[in-house]
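Beneath this line is the structure, given in structure tokens, with notes to follow.
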Amino acid sequence: MSTLSTCRWAVGLLLLAPLLGTAQDEKPRRQGARTALALPADVVELERFSVILGRPTAHSIALSLLSQSDTEAQVQHRPAHAQDWVSGPWLRLTGAVPQEVELADLAPNQAYRYRVLLRPNAQGPSRMGAEHSFHTQRAPGSRFVFELQGDSHPERGHQFHPELYAQTLRAAAADRPDFYLTLGDDFSVDTLPERTAATVAQRYQLQRPFLALVGQTAPLFLVNGNHEQASRANLDGSPHNVAVWAQTARNRLFPLPAPNAFYSGNTTPVEHIGLLRDYHAWTWGDALFVIIDPYWHSPQTVDNPLGHRDKAGGGRPAGDSAEGPGAALKGKRDLWAITLGEAQYRWLAETLASSSARFKFVFAHHVLGTGRGGVEMAGLYEWGGKDPRGRDEFAQRRPGWPLPIHGLFVKHGVTAFFQGHDHVFVRQELDGVTYQTAPEPADPNYAAYFFDRYRSGDRLPNSGRIRVTVEPDLARVEYLRSWLPGEHPAGQSAQSPAFVYELRPR
Ligand SMILES: [Fe+2]
């Protein structure tokens, strides 16, 4: 049986327990599971064969097919209102090698159904897979739903429960969102005892059957996080480094968008990788969606150095103390060196300025890609223009750049900025821009990490997901929580949002 071994985290968690936040209205913290946790049956099934949808446009969508063993597959699709299936060619899938299929010539603003037929070979019996749905680009004036999660950290035994994660993802899939975003720290390589191309790729393989629970019916968009270590600072000019391994595995196992007529984004290839597919923007209904990434564009490490775990990470590498090499390196960073880079900054400014969408949503792992808090950090460095003592250094530090990032948000009417990293739900507002921090989807402690780093806003503990329903005149943001069976606090339910608010076009 597939398992996630968790016992190695127990000691680290006990050491770190005093440093972690507490959830005041929740059950006592788990002290780290000492036994291996079984994967849910549907996740095991998706390890054998899975489909992940990606990069939907007005006329197309990509399906990434992955089978554990050699097989043949045929994709069939139809408009939801039609009877007849359109059958694609039979494809030969090699075991453990993902293959992408692009469905083209689709109608815009249209619901579709699809299914996949599998057979061992041309002579063998075929087996029809379950039907799933997707939607092409919505027209302005449409109502639609998208959902997102914060840091899932499936490598952290004390902070991750596979059944809880599956519950969150199943619930998201049941809502039939048009797409699903993950906000980073979903493929952490920092805790790998040995980092090779194969072990780094395993982190992406570990996530794939989980994310397929929702990704088979909602195209996925992945935001880069600090623990992915997919970053410019880790490049060494060779193909043998963690940044190349991580981004290569990410782009191989997940069908992410590259710039084209529908998506704008990063057009600069990186040696040994090609196009990064790390930042992009698209329009859907009345909303502009923008994903940004500091990690691939900063000349120095943005957050933790490779192999160093943060305080919520449940342990440190041997020989590293809280004040040891990792912490020391982190303390010496010049936070002005954290940057989107000139090209991404210019693209972001142009993307926001040229869009007339009624809602503008921006996503990143965190303000600046490091630190704790939301609006507490938004005035600083490249994001806000000031140093910690309140001196405005932006013009000197970023000569020729018209505004800090938050200033761009204000000027161009960004509705909401979504981030992860802090493992807690917090809604804040600054200058009319909502700063929404997303909770973890699978924390069995239902903890409220880093509550104390937020000095304002509406704060709720883990776990769950965020659902956003966009209509022409309002967007409703809901926090849907998840609990393991029998662990619902009295009076709360996974079906009723724990927190709701509305956003208006700016
Ligand atoms: Fe993070």
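The values are calculated or read from the model by the stated rules, or taken from the named source; none is laboratory data. A quick note: this is a predicted structure, and the numbers were derived from the prediction, not measured. Cβ sites come from the backbone with ideal geometry, for glycine too, and all protein chains shown count toward neighbours. Ligands, DNA and RNA are excluded from the accessible area calculation, which covers all protein heavy atoms including side chains. Shrake-Rupley method; radii C 1.70, N 1.55, O 1.52, S 1.80 Å.
Which residues, taken from the stretch 235-268, are open to solvent by less than 40 Å² (accessible area, probe 1.4 Å) and more than 25 Å from residue 290 (Cβ to Cβ)?
238, 241, 242, 244
Do any residues in the stretch 260-282 that are assigned to a strand (DSSP E or B) have Cβ atoms under 6 Å from those of residues that are open to solvent by less than 10 Å² (accessible area, probe 1.4 Å) and hydrophobic (A, V, I, L, M, F, W, C), where the two are at least six apart or on different chains, and which pairs are they?
That search, which allows pairs on different chains as well, returns 264/281; 270/276; 280/291; 281/290; 282/289.
Specify the residue that is nearest to residue 146 (Cα to Cα); the eligible residues are those in the stretch 250-280 that are among the aliphatic types (A, V, I, L, M) and more than 15 Å from the chain's Cα centre (by Cα).
258
Considering each residue of the stretch 133-150, count those that are buried (at least 24 other Cβ atoms within 10 Å of the Cβ) and in contact with a Ser or Thr (Cβ under 6 Å, 6 or more places away or on another chain), and give that number.
Matching residues across the stretch 133-150 total 1.
On the given criteria, is residue 211 within 14 Å of the ligand (Cβ to nearest atom) and open to solvent by less than 10 Å² (accessible area, probe 1.4 Å)?
no
Failed condition for residue 122, given (1) modelled with pLDDT of 95 or more; (2) open to solvent by 40 Å² or more (accessible area, probe 1.4 Å); (3) outside any strand (DSSP E or B), with all others met?
(1)
If a residue must be closer than 15 Å to residue 294 by Cα and either among the small types (Gly, Ala, Ser) or outside the structural domain of residue 337 (by TED's automatic domain parsing) (or both), how many such residues does the stretch 374-389 contain?
Qualifying residue count for the region: 2.
Specify which of the listed residues (400, 371) is within 23 Å of the chain's Cα centre (by Cα), farther than 28 Å from residue 469 by Cα and in the same structural domain as residue 229 (by TED's automatic domain parsing).
371
Mind listing just one residue for me: the one in the stretch 256-309 that is in contact with a Gly (Cβ under 7 Å, 6 or more places away or on another chain), within 16 Å of the ligand (Cβ to nearest atom) and farther than 13 Å from residue 223 by Cβ and, of those, modelled with the lowest pLDDT?
Filtering the stretch 256-309 for residues that are in contact with a Gly (Cβ under 7 Å, 6 or more places away or on another chain), within 16 Å of the ligand (Cβ to nearest atom) and farther than 13 Å from residue 223 by Cβ, the one modelled with the lowest pLDDT comes out as 309.
Under 25 Å from residue 161 (Cα atoms) and open to solvent by 50 Å² or more (accessible area, probe 1.4 Å): which single residue out of 485, 461 fits that description?
That would be 485, the only listed residue that is under 25 Å from residue 161 (Cα atoms) and open to solvent by 50 Å² or more (accessible area, probe 1.4 Å).
Yes or no: residue 97 farther than 26 Å from residue 253 by Cβ, open to solvent by 30 Å² or more (accessible area, probe 1.4 Å) and either of a type in the set (Asp, Glu) or not assigned by TED's automatic domain parsing to the domain that holds residue 468 (or both)?
No, not satisfied.
Looking at (1) surrounded by 22 or more Cβ atoms within 10 Å (Cβ to Cβ); (2) closer than 24 Å to residue 376 by Cα, which one does residue 443 not meet, given that it meets all the others?
Exception for residue 443: condition (2).
Against the condition at pLDDT below 95, assigned by TED's automatic domain parsing to the domain that holds residue 347 and over 28 Å from residue 417 (Cβ atoms), how does residue 191 come out, does it pass?
Yes: the conditions hold for residue 191.
Look through the stretch 194-242, keep the residues that are part of a loop (DSSP other than H, G, I, E, B) and among the charged types (D, E, K, R), and return whichever of them is nearest to the chain's Cα centre (by Cα).
195
Quick check on my filter: what residues within the stretch 194-208 are more than 16 Å from the ligand (Cβ to nearest atom) and either touching a helix residue (DSSP H, G or I) at 6+ places or on another chain (Cβ under 8 Å) or touching a residue at least 24 places away in the same chain (Cβ under 8 Å) (or both)?
195, 196, 197, 200, 201, 204, 205, 206, 208
Sort through 451, 409 and tell me the only one that's in contact (Cβ under 8 Å) with a residue 24 or more places away in the chain and open to solvent by 10 Å² or more (accessible area, probe 1.4 Å).
Going through 451, 409 in turn, just one is in contact (Cβ under 8 Å) with a residue 24 or more places away in the chain and open to solvent by 10 Å² or more (accessible area, probe 1.4 Å): 451.
State all residues of the stretch 151-187 that are within 13 Å of the ligand (Cβ to nearest atom) and either assigned to a helix (DSSP H, G or I) or surrounded by fewer than 24 Cβ atoms within 10 Å (Cβ to Cβ) (or both); if no residue qualifies, say none.
Passing the criteria: only 159.
Of all residues in the stretch 420-440, count the ones that are open to solvent by less than 10 Å² (accessible area, probe 1.4 Å) and of a type in the set (Gly, Ala, Ser).
Qualifying residue count for the region: 2.
Go through the residues of the stretch 129-139 one by one and say whether even a single one is closer than 21 Å to residue 210 by Cβ, within 16 Å of the ligand (Cβ to nearest atom) and polar (S, T, N, Q).
Scanning the stretch 129-139, I find no residue that is closer than 21 Å to residue 210 by Cβ, within 16 Å of the ligand (Cβ to nearest atom) and polar (S, T, N, Q), so the answer is no.
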